[in-house]
1. Give me a comma-separated list of calculated 3J(HN,Hα) values for the range 247-252, in order, Karplus coefficients 6.51, -1.76, 1.60 applied at θ = phi - 60°, integers in Hz, x for any Gly or Pro.
2. What percent antiparallel are the DSSP beta bridges of the chain, to the nearest 5?
3. So if I place +1 on the C-beta of Lys and Arg and -1 on the C-beta of Asp and Glu, and nothing else carries charge, what would the dipole magnitude of the range 123-189 be about its Cα centre? I want it in debye, nearest 20.
4. Normalised by the number of residues in the chain, what is the relative contact order in percent for Cα pairs under 8 Å and 6+ residues apart?
5. Over all directions, how big on average is the projection of the convex hull of the alpha-carbon atoms in the chain, in square nanometres?
6. What is the calculated FRET efficiency for Asn73 to Lys214, with r their C-beta to C-beta distance and R₀ = 41 Å, to the nearest 0.05?
7. Report the local net charge at Leu306: Lys and Arg +1, Asp and Glu -1, summed over other residues whose C-beta lies under 12 Å from its C-beta.
8. What angle do you read, to the nearest 10 degrees and between 0 and 90, between the alpha-carbon axis of helix 381-398 and the longest principal axis of the chain?
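Rule-based calculations on the coordinates, nothing more; no lab input. Remember, it's a predicted structure, so these values are computed and weren't measured experimentally. When we count neighbours, we look across all protein chains shown, and the Cβ atoms used for this are built from the backbone with ideal geometry, even at glycine.
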Amino acid sequence: MKKLWGGRFQKTAEEWVDDFGASIHFDKQLVEEDIEGSLAHVTMLGKCGILTNEETEQIKAGLQTLLEKAKKNELKFSVQYEDIHLNIEKQLIDLIGPVGGKLHTGRSRNDQVATDVHLYLRNQVTEILDAIKSLQSALVKQAEQHVETIIPGYTHLQRAQPVSFAHHLLAYFWMLERDYQRMQESYKRINISPLGAGALAGTTFPIDREYAAKTLGFDSVYNNSLDAVSDRDYILEFLSNSSILMMHLSRFCEELILWSSSEFNFVEIDDTFATGSSIMPQKKNPDMAELIRGKTGRVYGALFGLLTVMKGTPLAYNKDFQEDKEGMFDVVKTVKGSLQIFAGMIDTLKVKTEVLEKTVKADFSNATELADYLATKGMPFREAHEVVGKLVLTCIQKGIYLLGLTIDEYKQASELFEEDIYEVLQPKTVVARRNSLGGTGFEQVNIALNKAKEALGN
């Protein structure tokens, strides 16, 4: 079969070579963006008088027919035409005749594919932004129900200080807000048009790049044709932002997995997002959380893969750049799916408040409160720290917790202790008193919830 670029060649590649070099297996996902870009390009060619009105309208009509077929999944693609661009051009020529070959006037596949990917990523980032907000909304909804539910806070995965469960959830809300801002910021660099840059040096035809860019809804055009066709920074930025986003989701998944275990028993994940065991009938496995945690590695892999592809490529276009798409497609699918699953997990999460209430009374996470108590009465904090450390050791030796010590035992440690120490050590008191800006105190958590709602536009 004759290649659309085959004039200079005396030999044709064997089928297996064509198959190795072809990208149509995956870049067919860009079919609508490719046709959309071509419609803008041919409209511009007509406006600039490079094509006649008749030619322009004939090509546009053919492209519209192909677009309608694409939306119905009726187009057939061939490896022999390598990529989405040549496949569409071949089908256009078959549909309207040789005039279809004039579509490619004033452009190259190099600026064409870059345009397609800019359009694709622009659409996908918009959907991801919406998905982030949906997850944030689920977090706020769950947090509103648990402002005064107390959960052990950890450092080094050791009990540290009790915190409001809502406060814990809102920590992830603000991580996601930064993810949202990063994605939103990257949109500026995605929404730039490379169309009309040609293969690398521009074109001799009197095209109007800014008109084509405006037609496609781009904010601006690349100022340098070499940069336009060789830039993949915007994809790398998307992959980097996605990696950070998935890292946040993975951290949260790790906590959900721990919390839903028998050892913690803090929460129960809804049946919809869990699976059973083929051999152990009692099992309820947090598979969706584990999958998101695992899929984070795929996203990291795509980022490092493309960084490695790009690091040794000279200007301008190189066939290596064909490797920019599969990882990007996979990351888009992974991120969108993960956000959707996560929103569902949070929305249906059952928090075991009675278990948590017992748990926070059976640890030493209120020990800092004792040290603060002594410090407020004039004892240097370092001295207070040592006094409390010895009290904790006494409790460990006796098999009790701080609330189990008698007032005499407290007095033996320091005369500064009074009867009010038992109220001070209550988990709710411990949490409520941490009312500094951004702290876990219930008053601050309610303020934070209002700020979160403002960020969501509620």
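1. Ordered by residue, 3J(HN,Hα) equals 4, 5, 5, 5, 4, 5 Hz.
2. Details: 8 of 10 bridges.
Taking every DSSP beta bridge within the chain, about 80 percent pair in antiparallel fashion.
3. On the way: 7 positive and 7 negative charges, 42 e Å.
Rounded to the nearest 20 debye, it is 200 debye.
4. Numbers: 613 pairs, mean separation 75.0, N = 458.
Relative contact order of the chain: 16 percent.
5. Numbers: hull surface 119.7 nm².
Answer in nm², one decimal: 29.9.
6. The formula returns an efficiency of 0.85 here.
7. Working: positive: Arg232, Lys311, Lys325; negative: Asp233, Glu237, Asp320, Glu323, Asp324, Glu326, Asp330.
My count for the surroundings of Leu306 gives -4.
8. Long axis of 381-398 versus the principal axis of the chain: about 80 degrees.
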